[in-house]
Structures are given as structure tokens and as C-alpha cells.
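Report on the structure given below.
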Amino acid sequence: MKISYKVQPTPDGLAQAFILGEEFIGDDNVALVLGDNIFYGTGFTELLRKSVETVTEENKAVIFGYEVKDANRYGVVEFNKNKEVVSIEEKPVNPKSNYAVVGLYYYPNDVIEIAKNVKPSNRGELEITTVNNIYLNEKKLKVELMGRGFAWLDTGTIDAINNASNFIRTIEERQGLKVACLEEIAYQNNFINKYQLNDIIKNLSNDYANYLSRLIDN
């Protein structure tokens, strides 16, 4: 795996990611995920595949809504009686719904030019909510709701990191399965074969290696 990155010199907003990453994105469509967000739930992979299809085939942006009790901390989606999105507000004092926009976004390639034309907010940032509202006004925005079967953990505070750690630990200890085990995902999707997996295991000498060995044995 090769990872490249570009530094954001100052905290000028999430939408700046598309400007800084223009050369990397090229002519492709693009996904943005916040590094402190964790998602867990059955069917999540299929939801992401569906989102890619929406962007590719319908040329629409896709964002995700998740019901929370403290919606004023997030961007909030407002729906009409037909469950259609009518507005998105960034950290409103009086939220018009309990559905927060999570830190995961799928966009067509034109998001680069849209981001370039976004004016800084009162906070001096290029707000991702402004980008989403532009797509909404053009009727090119789709909101997928994450129901009760999904967990969305925003680990932006010390308490939140602790909660996320406890959540993952509980899942793994109860089920005996690893959450987001990259080697397991690669093996199950035939990105690597059992011989390559075995080579990885040889360099490990702990419970993690024993877990990976079970994949071959099964």
C-alpha cells in the first residue's frame, strides 16, 4: 500500500481538501472521509457501492444522515413530509431535525470547481455544508440515512475516543472477530492469496497472527 498526502497549512475548512487535492483527484470522482470518524454496521459496504453508482451514473453527490441527540454540534439535514431534503444547516442553534451529516461524502469531479468558488464563512472557513447546499440547490444531492443498525463514532474529543475504543473492544471480544482487519479484508476479496497471507503471518508473533491463521484454516 502506498499512501500520499498533502498538508493543509491552516485550518481553512473541509472544502479546501478538493482544492489541495486537485492534482491527485484528476478527472476522477472523489470521496472525502474525515480521519476521526468511525463507521460500523452490516450492509455498510453495499451502501458505499450504491453511493459510488449514484455519483457515476446519476452525476449526483451523496452524503449520509445519522440520527443524534445533540444535532446542534453538526451539519443538520432538514426533510419535508415526503422525506425530501430541503435544507442543510451548519451547527444550527435550533436544529430542524435530529439528522446530522456524517464525515463521509461522495462527489462528482465538478466538486473541485465548486470548492474553488466557495466564499469563506463567518468562521473564515470553506464550509463543506456550502458545497452540499450548492448540490442541493441544483437538485444533484442525495442523502442516504444510516439507521439503527449502524454505528457512527466521531472521535474528535478525548471522551469520544474512549467511547470508540470501548465500543470496538466490546464487539471484538464478544464476537471474536476483528473490526476493519485489513489483511482479512484483502484475503476475503482475493486481493491476496493464502500464501501471501501466510508470509504476513510469519512476521507476526501475537494474537493478531493467530487470528489471521484462523482465516487460512477455515
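Which of the trypsin sites (Lys or Arg not before Pro) across the stretch 109-218 are loop residues per DSSP, with 14 or fewer other Cβ within 10 Å? Show your work: numbers first, answer last.
Numbers: sites: Lys116, Arg123, Lys139, Lys140, Lys142, Arg148, Arg169, Arg174, Lys178, Lys194, Lys202, Arg214; in loops: Arg123, Lys139, Lys140, Arg148, Lys178.
Of the trypsin sites (Lys or Arg not before Pro), the ones in loops of the stretch 109-218 whose Cβ has at most 14 other Cβ atoms within 10 Å are Arg123, Lys139, Arg148.
Which entries in Lys6/Lys50; Lys81/Lys139; Lys83/Lys142; Lys69/Lys96; Lys69/Lys139 show an alpha-carbon gap greater than 19 Å? Let's see the in-between values first.
Working: Lys6/Lys50 29 Å; Lys81/Lys139 17 Å; Lys83/Lys142 11 Å; Lys69/Lys96 12 Å; Lys69/Lys139 28 Å.
Over 19 Å Cα-Cα: Lys6/Lys50; Lys69/Lys139.
Expressed in nm to one decimal, what extension gain is obtained for the pair Asn137 and Glu58 from 0.36 nm per residue of sequence separation less their Cα-Cα distance?
Numbers: separation 79, 0.36 × 79 = 28.44 nm, distance 1.58 nm.
Residue separation times 0.36 nm, minus the Cα-Cα distance, leaves 26.9 nm.
Normalised by the residues of the chain, what does the relative contact order come to in percent, with Cα pairs under 8 Å and at least six apart? Walk me through the numbers before you get to the answer.
Values: 280 pairs, mean separation 51.0, N = 218.
This gives 23 percent for the chain.
Lys2 to Arg214: FRET efficiency via 1/(1 + (r/R0)^6), r the Cβ-Cβ distance, R0 35 Å, to the nearest 0.05?
Working: r = 29 Å, r/R0 = 0.82.
Once rounded, the FRET efficiency stands at 0.75.
Considering only C-alpha atoms, what is the centroid distance from the stretch 154-183 to the stretch 64-97, in Å?
Value for the Cα centre distance between the two parts: 27 Å.
Taken together, the values in this text are just the output of simple stated rules run on the coordinates, not laboratory data. In this text, all values refer to a predicted model and were calculated from it rather than measured experimentally. Quick reminder, even Gly has a Cβ in these numbers, built from the backbone with ideal geometry, and neighbours come from all protein chains shown.
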